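Peer 1: Quick one: the structure is below, questions incoming.
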Amino acid sequence: MRFTKMHGLGNDFVVLVPAQVGEYPWPDLARRLCDRHLGVGSDGLLLVLPSGEADFRMRMFNPDGSEAEMCGNGIRCFGKFVWDSRFWQSTDLTVETLAGLQNLHLNV
């Protein structure tokens, strides 16, 4: 499994681009990956997904496996990840989250 670990203002996240878009036991994976003793260790799992409403969709899972509506530090890492990975080449992008559409401006 390929992933990236990123840090944003005191939080760290595992960022993953699923090979297939579909349901997977994401809560279980988040619990395992985020465990600081047995896993990679992080404050959450971020999934980079396609969206029908925005440029991208972000799903964020907490270390306990619960899904968060949004995470400010997480979306900062998300934006940097899609830029650094060359998935997006504009400094403005829209991200679909459970809290609604988020408009990002990247300072690169």
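Peer 1: Restricting to segment 2-59, count the residues that are surrounded by 12 or more Cβ atoms within 10 Å (Cβ to Cβ), in contact (Cβ under 8 Å) with a residue 60 or more places away in the chain and out of contact with any strand residue (DSSP E or B) (no Cβ under 6 Å at 6 or more places or on another chain).
Peer 2: So the answer is 3.
Peer 1: Taking the condition of being hydroxyl-bearing (Ser, Thr, Tyr) and closer than 22 Å to ARG36 by Cβ, how many residues in segment 1-24 meet it?
Peer 2: Going residue by residue through segment 1-24, those that are hydroxyl-bearing (Ser, Thr, Tyr) are 4, 24.
The next check asks that each one be closer than 22 Å to ARG36 by Cβ; those that pass are 4.
Qualifying residue count, segment 1-24: 1.
Peer 1: I'm checking my understanding of the structure. Among residues of segment 60-103 that are more than 20 Å from GLU23 (Cβ to Cβ), β-branched (Val, Ile, Thr) and open to solvent by less than 40 Å² (accessible area, probe 1.4 Å), which one is nearest to the chain's Cα centre (by Cα)?
Peer 2: Here the residue is ILE75.
Peer 1: Give segment 72-94 a look and list any residue that's under 15 Å from MET6 (Cβ atoms) and touching a helix residue (DSSP H, G or I) at 6+ places or on another chain (Cβ under 9 Å), or say none.
Peer 2: Initially, segment 72-94 is screened for residues under 15 Å from MET6 (Cβ atoms), giving 72-85, 87.
Answer for segment 72-94, where residues must be under 15 Å from MET6 (Cβ atoms) and touching a helix residue (DSSP H, G or I) at 6+ places or on another chain (Cβ under 9 Å): just PHE87.
The values are calculated or read from the model by the stated rules, or taken from the named source; none is laboratory data. Values in this document were obtained by computation on a predicted structure and should not be read as measured data. Please note: Cβ atoms are built from the backbone with ideal geometry, for glycine as well, and neighbour counts cover all protein chains shown. Surface accessibility is based on the protein's heavy atoms, side chains included, excluding ligands, DNA and RNA. Shrake-Rupley method; radii C 1.70, N 1.55, O 1.52, S 1.80 Å.
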